[in-house]
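The values are calculated or read from the model by the stated rules, or taken from the named source; none is laboratory data. In this text, all values refer to a predicted model and were calculated from it rather than measured experimentally. Neighbour counts run over all protein chains shown; Cβ positions are idealised from the backbone, glycine included. Heavy atoms of the whole protein, side chains included, go into the accessibility calculation; ligands, DNA and RNA do not. Shrake-Rupley method; radii C 1.70, N 1.55, O 1.52, S 1.80 Å.
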Amino acid sequence: MSLPEIAARLRRHVLAVLAILVLAAGAAYGFKHTAPSYAETATMVFIPPASTLHPNPFEAVGSTLTKAAGSMAAEVMSPQGQQQVQQAGGTAQMNVELLNGYDLEYPFFSEPYLTVTTTSTSLDAVQRTFTVVTSLITHEFTAQQVQANVTPNNRIQTVLAGDTGPLVQPGSSKRVLGALALLTIVAIFAVAS
């Protein structure tokens, strides 16, 4: 098919081509004027109590720290846990998971860490929800240990490490607009043929 034949087909379907161009321009406008998304992420470390028998306290507790961290993640991400977060004022999306959650078949038991992430288009909602989630994990975990009659010197501690603070999530507008342009061209030629 030659270039004049393609131009002739496009002229025959000018209304359909214009409709596709208007839709693509509307989508591009929507992409450009979407509110930025914010996220805050941190790692929650579960630290074992000091051991007099083992120089490395992680040896004294084995895999129980990772299991405890996993159970806390499951508890917070359950419908009841999410409801508690909402009741305490958390409105952003949240995710709490084991650091090595991608490999639960062979987890790294020496890394009892949770990754806590909140995301929203509202900066305040991200910060508020992050504070609520981390406080909930700490309070619930401590309450479970108190209920199990664990003495204070034998309790597992939680420490927040690597808090990013709320950050704007970068998007690639060039990639999105490039893909939109490519899809527009494909749609125009699909309609014209």
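Taken over the stretch 152-193, the criterion of being within 26 Å of the chain's Cα centre (by Cα), farther than 28 Å from F46 by Cα and hydroxyl-bearing (S, T, Y) is satisfied by S172, S173. Would you say Q93 is touching a strand residue (DSSP E or B) at 6+ places or on another chain (Cβ under 7 Å), under 14 Å from Y38 (Cβ atoms), open to solvent by 70 Å² or more (accessible area, probe 1.4 Å) and at pLDDT 85 or above? Considered against the rule, which asks whether it is touching a strand residue (DSSP E or B) at 6+ places or on another chain (Cβ under 7 Å), under 14 Å from Y38 (Cβ atoms), open to solvent by 70 Å² or more (accessible area, probe 1.4 Å) and at pLDDT 85 or above, Q93 comes out as yes. Checking each residue of the stretch 147-155 against the condition of being open to solvent by less than 60 Å² (accessible area, probe 1.4 Å) and outside any loop (DSSP other than H, G, I, E, B) gives no match. The residue that is least open to solvent (accessible area, probe 1.4 Å), among those in the stretch 80-90 that are in a loop (DSSP other than H, G, I, E, B) and not hydrophobic (A, V, I, L, M, F, W, C), is G90. Residues that are touching a residue at least 40 places away in the same chain (Cβ under 8 Å), out of contact with any strand residue (DSSP E or B) (no Cβ under 7 Å at 6 or more places or on another chain) and outside any helix (DSSP H, G or I) within the stretch 1-43 comprise H13, A35, listed in sequence order. Exactly one condition in (1) among the hydroxyl-bearing types (S, T, Y); (2) modelled with pLDDT of 75 or more; (3) surrounded by 12 or more Cβ atoms within 10 Å (Cβ to Cβ) is not met by Y29; state its number. Tallying (1) among the hydroxyl-bearing types (S, T, Y); (2) modelled with pLDDT of 75 or more; (3) surrounded by 12 or more Cβ atoms within 10 Å (Cβ to Cβ), Y29 fails exactly one: (3).
Considering only residues that are surrounded by fewer than 10 Cβ atoms within 10 Å (Cβ to Cβ) and either of a type outside the set (G, A, S) or touching a strand residue (DSSP E or B) at 6+ places or on another chain (Cβ under 9 Å) (or both), look in the stretch 162-184 and name the one that is nearest to P48 (Cα to Cα). Across the stretch 162-184, the extreme among qualifying residues is P170.
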